[in-house]
Every structure is written in C-alpha cells, then in structure tokens.
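Notes to accompany the following structure.
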Amino acid sequence: MTAGLAGLPIRDELRGHTPYGAPQLQVSVRLNTNENAYSLPDEVVAAMERALAATLRDLNRYPEREAVALRAGLAAYLGHGLDASRVWAANGSNEVQQQLLQAFGGPGRTALGFTPAYSMHPLISTATGTGWIDGRRSADFGLTVSDVVAQVREHRPDVVFLCSPNNPTGTSLPLDVVSAVLDEAPGMVVVDEAYAEFRRPGTPSALELLPGHQRLVVTRTMSKAFALAGVRLGYLAADPAVVEAVQLVRLPYHLSALTQAAASAALAHADVLLDTVEAVKHQRDRIVATLRDYGLTVADSDANFVLFGQFRDQKAVWQALLTRDVLVRDVGLPGWLRVSAGTPAETDVFLAAMKELV
Ligand code: PMP
C-alpha cells in the first residue's frame, strides 16, 4: 500500500481536489454535457476520412506548428475582417483559456469571474497558479454594468472572464456590459462564446468590439454547434499581439496533424455541419416553453441548454430522471438542474419524464 496522492509533494492548492468531469454514464438519453445531439452527416464524414487518410503517411513528421491554414479557415468562418494573425487554435477552448492564463495570469496574479459561470474558469485558474476571485451575480443571474464595474474596480484583476451565452444559465451578455468591463479592467478581458452559434436573433457577439480593444479576447469552440466535441478544437480571436503572447506558452506541435486535418475538412463543410443548429434551437425553445407550462422557473436561453428549477432537492430530481434513463446535469446550484437540448425524440423522453415528476 502507498499513501496515495496525499503522500506525494503535490502543490498545496491542488490538495483535496477531484478531477473535473461530468459522469459519463451509459444511458439512452444523454443531455448532460451540452454536446450537439446529432452525429456527423455522411458528406462531412467522407471529407474528414479523405483529409485524415492524406495525412497518415506523413505522420513521421511533426505537424505544422502554427496551424496557419486551419487558423485562416477559422478566421474566414468568423468574418469581422479577421485573418490568421488574429486567430489562434488549440485542443478545445479549455486549452486556449489555459494558454491565456499561462500568458496573462499565473502566480501573484488574479482572475475574476461571475459565478455561476463556466466551472472550468476557476479550475484552470487554480491549475495555472492564478488566484481566483468569485464575483457575484444578482439573484436572477443577470449581470449589469454597475455590478461588473464595481467588482472590477474593487479587485483590479489581471484577467476577467465573461461567458456569453453563459453556462449554466444560458443568458447572453449585452455588449454594453462587455464594453464597461473593457473600460474598467486593467488587464485582459476574455469573453467565452462557446455557445455563440445558438444565440437568438439580435444578440450580438463580442467579436464586434475587437477593433480598437487590444485586451479583448473572444474564445470559441467546434465542440458545440459544429458537433465536433471529440475532435478537441477551440480557438480565439483577438489582436495579433495576443496571438504572439499565447505562442510564448504553447507547447510546440500542440495541435496534432490529425486534429488540424479533421478540423479543416469539417470547416470546409461548415454550412452542412451547422444545419443542426436551427433544429437544436427549436428543441431548446420547446424545452423552455414546456417546462414553464409545467410551472417551473426556466431561464431564457441563447445556448443549446436550459437551466430549470427550482426544486427543494435537485439531486432527487436528477436521480429520478436517471431512473428514467435520462441524464441531465447537476451543476451544483442548489435548486437548479441543466439540460442540453437533444434530438426531438430525446427531448420527448426528457419532457415526458419531467411531466411525471412535477
Ligand atoms: N466554455 C464553455 C462555456 C463551455 O461550456 C465549454 C464546454 N462545456 C467549454 C468552454 C469548453 O469546450 P471545449 O474545450 O470543448 O472547446
């Protein structure tokens, strides 16, 4: 017998922590990690197969280190006058955010986020030695200009995380809140837009604010709307100097040749892949409306998931859904659960189960 982890000279701030991760359970209706419920269309599978096959013989060589062709494709997809010099890619937006904290956070520095928001922001901060400051939201999970300005002024963080649409609430941030943070914050402002493609019409992206704001970074991912969670491809858009900064901390050849080929081939078929977005949004809106009909409180959502409650014991409801073969997410917010919008059939099963439970 060894003393296990406690017997190792692990960093103090990691002691007692458990690895992040939602349960990966074998159930028929998996609505707990905000994946895209649709598998890839044949046309895209075929294109990715061809692209991957073309790289195989040369896998004895390291990949293109700066992934310029992929970054150019991502920039073209984003529009807004972006080019490869303003876009950076890594293994999921999680790795992008880790690189940002390695470059702009770290020991002796702080990052501020507004809880509840994406739970990896504090975890990546801790892992990079960046002090985490848990900012507040109002009871309805909203975030106003005066809320954010007061907290940024109080803490003067090196990095501010904003999440829009916010996970787990689903709400988008008005651009005046992002602008106010940019005006007040002394350091970098990272807007996590992992769910941007699911926004309702008229909801702007922080990409619009990039011109003239050198400290603004917008992170995106192919894990959600593009249905490519398994590929692990996230990216950022920012000033070229931000791309230079993350290149100082990235590991050489961090994006495998297979990842670059798969992501580029998928991007070339972005229109086909993104066809599922409208279907997902439709199910999301159906979940919001139906759960409200059932008398529940449901946050408006610009994402591919819905936060709903309030339950006296959300753990009991989570368990009761699991008993009915439906897996949703307990995000650790007392009284609330989060469900991803699935296919129409998956949504039927979830809503029928909820009808029994309320
Ligand atoms: N940001 C937010 C808000 C998320 O919810 C997620 C995934 N759950 C991510 C980033 C990370 O996505 P990925 O690393 O797959 O790009």
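The values are calculated or read from the model by the stated rules, or taken from the named source; none is laboratory data. Please read these numbers as outputs of a predicted model, since none were measured by experiment. Every residue, glycine as well, gets a Cβ built from its backbone with ideal geometry; the counts of neighbours run over all protein chains shown.
Here ALA180 fulfils each of the conditions (1) crowded, with 23+ Cβ neighbours inside 10 Å; (2) of a type in the set (A, V, I, L, M); (3) more than 16 Å from the ligand (Cβ to nearest atom) apart from (1). Entry remark, the range 271-286: residues being under 13 Å from ASP348 (Cα atoms) and among the basic types (Lys, Arg) number 2 in total.
Among residues of the range 32-84 being of a type in the set (Phe, Trp, Tyr) and part of a loop (DSSP other than H, G, I, E, B), the one that is surrounded by the fewest Cβ atoms within 10 Å (Cβ to Cβ) is TYR62. Scanning the range 148-170 for residues that are under 25 Å from LEU337 (Cα atoms) and not in a loop (DSSP other than H, G, I, E, B) gives PHE161, LEU162, CYS163. For the range 15-31, a residue qualifies if it is within 16 Å of the ligand (Cβ to nearest atom) and farther than 29 Å from GLY129 by Cα, and the qualifying residues are ARG30, LEU31.
For the range 208-254, residues that are out of contact with any helix residue (DSSP H, G or I) (no Cβ under 8 Å at 6 or more places or on another chain) and within 15 Å of the ligand (Cβ to nearest atom) total 2.
Within the range 233-262, residues that are closer than 22 Å to LEU52 by Cβ reach partners that are of a type in the set (A, V, I, L, M, F, W, C) and assigned to a loop (DSSP other than H, G, I, E, B) with beta carbons closer than 7 Å, at six or more positions or on different chains, in the pairs LEU233/MET222; LEU255/ALA67; ALA257/LEU59; THR259/VAL231; THR259/LEU233; GLN260/ALA67; ALA262/VAL231. Has the range 299-311 got any residue that is surrounded by fewer than 17 Cβ atoms within 10 Å (Cβ to Cβ), over 22 Å from the mean Cα position of the chain (by Cα) and either assigned to a loop (DSSP other than H, G, I, E, B) or outside the structural domain of ASN32 (by TED's automatic domain parsing) (or both)? The answer is yes, given that some residue of the range 299-311 is surrounded by fewer than 17 Cβ atoms within 10 Å (Cβ to Cβ), over 22 Å from the mean Cα position of the chain (by Cα) and either assigned to a loop (DSSP other than H, G, I, E, B) or outside the structural domain of ASN32 (by TED's automatic domain parsing) (or both). Tell me yes or no: at least one residue of the range 4-21 is assigned to a loop (DSSP other than H, G, I, E, B) and of a type in the set (Gly, Ala, Ser). Yes, because at least one residue in the range 4-21 is assigned to a loop (DSSP other than H, G, I, E, B) and of a type in the set (Gly, Ala, Ser). Answer with yes or no whether LEU291 is surrounded by 20 or more Cβ atoms within 10 Å (Cβ to Cβ) and closer than 22 Å to GLU193 by Cα. It is false that LEU291 is surrounded by 20 or more Cβ atoms within 10 Å (Cβ to Cβ) and closer than 22 Å to GLU193 by Cα.
Just a yes or no: is a residue in the range 113-121 more than 16 Å from the ligand (Cβ to nearest atom) and either of a type outside the set (Val, Ile, Thr) or not assigned by TED's automatic domain parsing to the domain that holds GLN283 (or both)?
There is no residue in the range 113-121 that is more than 16 Å from the ligand (Cβ to nearest atom) and either of a type outside the set (Val, Ile, Thr) or not assigned by TED's automatic domain parsing to the domain that holds GLN283 (or both).
Just a yes or no: is a residue in the range 326-333 outside the structural domain of TYR77 (by TED's automatic domain parsing) and more than 21 Å from the chain's Cα centre (by Cα)? Yes, the conditions are met somewhere in the range 326-333. Return yes when ARG71 is within 18 Å of LEU267 (Cα to Cα) and basic (Lys, Arg) and no when it is not. For ARG71, the condition - within 18 Å of LEU267 (Cα to Cα) and basic (Lys, Arg) - is met.
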